[in-house]
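The values are calculated or read from the model by the stated rules, or taken from the named source; none is laboratory data. Predicted model only: the values in this text are computed from it and were never measured. All Cβ positions, even for glycine, are placed from backbone atoms using ideal geometry, and neighbour counts span all protein chains on display. When the accessible area is computed, the model is the full protein with side chains, heavy atoms only, and any ligands, DNA or RNA have been set aside. Shrake-Rupley method; radii C 1.70, N 1.55, O 1.52, S 1.80 Å.
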Amino acid sequence: MNKKTIFALILFAVSIFMSGCTNSNRKVTDETTVNVTTTATISESETVTTTETTPAFDPTLMSTPLMWSAEDTSTGGKIYFLGSIHCGDENTNSYPDYVWNAYNESDSIAVECDIVAYASDIEAQKKSLLDYAYNDGSRISDHIDAELLSNAKKLLGDNDMYTVYYDFYKPALWSDLISGITVDNAEMSSDYGVDRFFINKANDDKKKILEIESVEFQSKMLTGFSDELQELMLRDAVDSALSGEDVEGLKELYTDWKSGNYDLLNTMLFEETDYSEYTEEELVLLDDYNNQLTTERNIGMLDTAVDYLNNGQKVFYIVGTAHFIGYDGIVSLLEDKGYTVELIS
């Protein structure tokens, strides 16, 4: 696993990471609350408003993402599984018929969490913010290397994003802020994320929205990583940003996602490994990271999908692409349970 892989897994595995009303130049102050997964500052007296624009259709820029289907003939249940990416550009959500047919045939959509509802729920954002803040009176300087903190502050400062109030927040928030810089520099936005697009469309079409996990689950997972793992994630985010590897990796990842190239995505996410730069202790941390971010969650997502099938539901099921591919991905796990999973794309 290399630095590009760590960043790629986040963008392909956690929908609250960089989800919501994006504005990288806003800051947290003592009089405001923040949507910590998007860096958007929201005061208690403000009303959150989001504006979504359906991208103009351009067949030459069409996305052909990976999609599978599985069904239970005894119950009539059927699921269309769409692998998502949580940021994009104005052409991300131009899709071929196989995507729209699957969406139209489904009675509901299932997503990791309803990030659109979260973006307008001030109380939920306040609750999440508490997960990201130190509650023992300590600061980030008490938990991570001084040189790393200095580099992270400079990186945020150079992008007009640093404020002293961030010193009271965990590295998970700092990593998120830096990911926002990466996405901006790649000329992308979480506004065009696949799950966000389909949540808004489902709301317009009055389709039921099912949450597979929740914002609370994901925020507690990200902030529940050990100090050592959060520091490693921040170090890799800072190093990648300073070297430019982050933007290069994101653009490569996005191109592979748009083309629906399973082999390239599997290689980048799970097989393109360079362990030489990590210590043995860091490799243990990376194993823990991968287990919590994908492997363990895949099992929960599998169980939810099986429940949908057993209940005879017709669902358009959207989660990060990383959850579907690999030997312990949802597709392989479903096949292990005896389901026939068809690759549609």
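Brief remarks follow.
- Residue in region 241-252 that is more than 20 Å from Leu155 (Cβ to Cβ) and either in contact (Cβ under 8 Å) with a residue 60 or more places away in the chain or open to solvent by 10 Å² or more (accessible area, probe 1.4 Å) (or both) present: yes
- Selection status of Leu264, out of contact with any strand residue (DSSP E or B) (no Cβ under 8 Å at 6 or more places or on another chain) and open to solvent by 60 Å² or more (accessible area, probe 1.4 Å): yes
- Restricting attention to region 190-213 and to residues that are in a helix (DSSP H, G or I) and without any contact (Cβ under 8 Å) to a residue 24 or more places away in the chain, the residue that is most open to solvent (accessible area, probe 1.4 Å) turns out to be Asp204.
- Filtering region 254-299 to residues that are assigned to a helix (DSSP H, G or I) and polar (S, T, N, Q) leaves Thr255, Ser259, Asn266, Thr267, Asn290, Asn291, Gln292, Thr294, Thr295, Asn298.
- You will find that of Tyr118, Tyr95, the residue that is in contact (Cβ under 8 Å) with a residue 40 or more places away in the chain and aromatic (Phe, Trp, Tyr) is Tyr118 and no other.
- Selected residue (criterion: modelled with the highest pLDDT) from residues of region 55-87 that are open to solvent by 30 Å² or more (accessible area, probe 1.4 Å), of a type in the set (Val, Ile, Thr) and farther than 16 Å from Asn261 by Cβ: Thr75
- Criterion (buried (at least 18 other Cβ atoms within 10 Å of the Cβ), part of a helix (DSSP H, G or I) and in contact (Cβ under 8 Å) with a residue 12 or more places away in the chain) met by exactly one of Asp176, Asp184, Asp167: Asp176
- In region 88-122, of all residues being among the acidic types (Asp, Glu) and closer than 21 Å to Val315 by Cβ, the one that is surrounded by the most Cβ atoms within 10 Å (Cβ to Cβ) corresponds to Glu112.
- Criterion applied to Ile178, Ile140, Ile144 was being within 16 Å of Gln230 (Cβ to Cβ) and more than 24 Å from the chain's Cα centre (by Cα), and the one residue passing it is Ile144.
- Flag if Val315 is outside any helix (DSSP H, G or I), touching a residue at least 40 places away in the same chain (Cβ under 8 Å) and among the hydrophobic types (A, V, I, L, M, F, W, C): yes
Table: residues versus (1) in contact with an Asp or Glu (Cβ under 8 Å, 6 or more places away or on another chain); (2) of a type in the set (D, E, K, R); (3) farther than 20 Å from Tyr289 by Cα.
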| residue | (1), (2), (3) |
| --- | --- |
| Leu232 | yes, no, no |
| Asp246 | no, yes, no |
| Lys251 | no, yes, yes |
| Asn261 | no, no, yes |
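- If the condition is being buried (at least 18 other Cβ atoms within 10 Å of the Cβ) and touching a strand residue (DSSP E or B) at 6+ places or on another chain (Cβ under 6 Å), then region 306-319 contributes Tyr308, Leu309, Gln313, Val315, Phe316, Tyr317, Ile318.
- So Gly338, is it part of a loop (DSSP other than H, G, I, E, B), out of contact with any strand residue (DSSP E or B) (no Cβ under 8 Å at 6 or more places or on another chain) and without any contact (Cβ under 8 Å) to a residue 60 or more places away in the chain: yes
- Looking only at region 134-164, and only at residues there that are in contact (Cβ under 8 Å) with a residue 40 or more places away in the chain and within 15 Å of Thr223 (Cβ to Cβ), the one that is surrounded by the fewest Cβ atoms within 10 Å (Cβ to Cβ): His143
- Subset of region 133-161 [closer than 22 Å to Glu245 by Cβ and either in a loop (DSSP other than H, G, I, E, B) or modelled with pLDDT under 95 (or both)]: Ile144, Asp145, Asn159, Met161
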